[in-house]
Amino acid sequence: MPENKEYMAGNLKVKIFNSREALGKEAAIEAAVAIKRVLEQKKEVNIIFAAAPSQNEFLSALIADVEIPWGSINAFHMDEYINLDYEAPQGFGNFLRQRLFEKVDFKSVHYLDGNAEDIEAECRRYSRLLQEYPTDIVCMGIGENGHIAFNDPHVANFDDKYLVKVASLDLKCRTQQVNDGCFASLDEVPVNAVTLTIPALTAADCIFCMVPGRTKADAVYGTVLGEVTENCPASILQRHKNAILYIDKESGSRVVDFM
């Protein structure tokens, strides 16, 4: 497969790479350019980050860029399990703290609290933060069931009236957490989470979506070649004005012959 082939799926730019390392490196380079472009217009940039193994190469390449002005970035994350122990390594806040938030000096970092005593109040608190800090950039992945954040197909709503909500997780989503090695068994995977909604994510001016790996091939197919439907929540990226999907030869195995 040629390196760095580009295609369009609606408004969505799709870039295919021969390896997940090349994917992560290129996405980080382009995200850094976008960060600096925002800072030409304003003093701070607001970024939402995904927490998943699919993001590892991207995050490693991003923090290696010494020219990124981290002190001008306000950081957010997009979902969190409900009632998972605060110290659990599977917690998305913990994932990002270890791989990103403690590696560089952000202007501010805002965590979702999945153990809040009043989880609905926590959703409202985080919604207010998103309104106070309008999102410039989203760095995300796609789940095996086509979800973005924890907007699984059965709870996805392209016209959601909320910015942050409580969502139940479907079986395919929970099974992915085991397949990714995050949990030893399905029984350990929480059944509920707090998540940014689809409108909250797509409100960003710029979206970078990194999706390597063979287990994501069906989701990539639905995202790129399927109709825009909540049955594949990530398909909404076809309509975004400035979104880029980065895939490798494994995750793109079902689409490359059609593009």
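The values are calculated or read from the model by the stated rules, or taken from the named source; none is laboratory data. All values reported here derive from a predicted model rather than from experimental measurement. Neighbour counts run over all protein chains shown; Cβ positions are idealised from the backbone, glycine included. Side chains included, ligands, DNA and RNA excluded: accessible areas come from the protein's heavy atoms. Shrake-Rupley method; radii C 1.70, N 1.55, O 1.52, S 1.80 Å.
Among the residues of the range 16-48, how many are more than 30 Å from Ser108 (Cα to Cα) and surrounded by fewer than 21 Cβ atoms within 10 Å (Cβ to Cβ)?
Residues meeting the conditions: 2.
Here Tyr126 clears all of (1) closer than 26 Å to Leu59 by Cα; (2) surrounded by 20 or more Cβ atoms within 10 Å (Cβ to Cβ); (3) within 16 Å of the chain's Cα centre (by Cα); (4) not polar (S, T, N, Q) except the condition numbered (3).
Across the range 69-94, what is the number of residues that are among the hydroxyl-bearing types (Ser, Thr, Tyr) and either touching a Leu at 6+ places or on another chain (Cβ under 7 Å) or open to solvent by 50 Å² or more (accessible area, probe 1.4 Å) (or both)?
First pass over the range 69-94, keeping only residues among the hydroxyl-bearing types (Ser, Thr, Tyr): 72, 81, 86.
Pick out the ones that are also either touching a Leu at 6+ places or on another chain (Cβ under 7 Å) or open to solvent by 50 Å² or more (accessible area, probe 1.4 Å) (or both) and you get 72, 86.
Residues in the range 69-94 being among the hydroxyl-bearing types (Ser, Thr, Tyr) and either touching a Leu at 6+ places or on another chain (Cβ under 7 Å) or open to solvent by 50 Å² or more (accessible area, probe 1.4 Å) (or both): 2 in total.
Keeping to the range 90-112, report how many residues are part of a loop (DSSP other than H, G, I, E, B), without any contact (Cβ under 8 Å) to a residue 24 or more places away in the chain and more than 29 Å from Glu40 (Cα to Cα).
Taking the range 90-112 and keeping what is part of a loop (DSSP other than H, G, I, E, B), we get 90-91, 102-107, 111-112.
After this cut, where a residue has to be without any contact (Cβ under 8 Å) to a residue 24 or more places away in the chain as well, the list is 91, 102.
Those still in the list that are more than 29 Å from Glu40 (Cα to Cα) too: 91.
Residues that pass the stated criteria total 1.
In the set (1) within 26 Å of Glu26 (Cα to Cα); (2) part of a helix (DSSP H, G or I); (3) modelled with pLDDT of 95 or more, Gln176 fails one condition alone, (3). Applying the set (1) assigned to a helix (DSSP H, G or I); (2) closer than 25 Å to Ile119 by Cα; (3) in contact (Cβ under 8 Å) with a residue 24 or more places away in the chain; (4) of a type in the set (Asp, Glu) to Asp187 leaves exactly one unmet item: (3). Residue pairs whose Cβ atoms lie under 9 Å apart, separated by 6 or more positions or on different chains, with the first residue in the range 225-240 and under 14 Å from Lys13 (Cβ atoms) and in a loop (DSSP other than H, G, I, E, B) and the second open to solvent by less than 30 Å² (accessible area, probe 1.4 Å) and among the β-branched types (Val, Ile, Thr), are His240/Ile207.
Which of the residues spanning the range 95-110 are open to solvent by 10 Å² or more (accessible area, probe 1.4 Å), within 27 Å of Leu245 (Cβ to Cβ) and either touching a Pro at 6+ places or on another chain (Cβ under 8 Å) or not basic (Lys, Arg) (or both)? Let's see the steps before the verdict.
Step one: list which residues in the range 95-110 are open to solvent by 10 Å² or more (accessible area, probe 1.4 Å), which gives 95, 97-99, 101-110.
Next, from what is left, pick out any that are within 27 Å of Leu245 (Cβ to Cβ): 95, 97-99, 101, 103-104, 106, 109-110.
Hits for the range 95-110 are Phe95, Gln98, Phe101, Val104, Phe106, Val109, His110.
Does the range 144-158 hold any residues that are among the polar types (S, T, N, Q) and more than 12 Å from Ala200 (Cβ to Cβ), and which are they? Residue satisfying the conditions is Asn145 alone. Restricting the range 129-166 to residues that are in a helix (DSSP H, G or I) and either of a type in the set (A, V, I, L, M) or in contact with a Leu (Cβ under 6 Å, 6 or more places away or on another chain) (or both) leaves a set whose member that is surrounded by the fewest Cβ atoms within 10 Å (Cβ to Cβ) is Leu129. The residues in the range 144-163 that are acidic (Asp, Glu) and under 15 Å from the mean Cα position of the chain (by Cα) can be counted, and the count is 2. Under the condition of being touching a helix residue (DSSP H, G or I) at 6+ places or on another chain (Cβ under 6 Å) and under 14 Å from Gly143 (Cα atoms), which residue from the range 223-232 is least open to solvent (accessible area, probe 1.4 Å)? Top of the filtered list is Thr223. Between Ala51, Ala27, Ala61, Ala32, the distinction of being hydrophobic (A, V, I, L, M, F, W, C) and part of a loop (DSSP other than H, G, I, E, B) belongs to Ala51 only.
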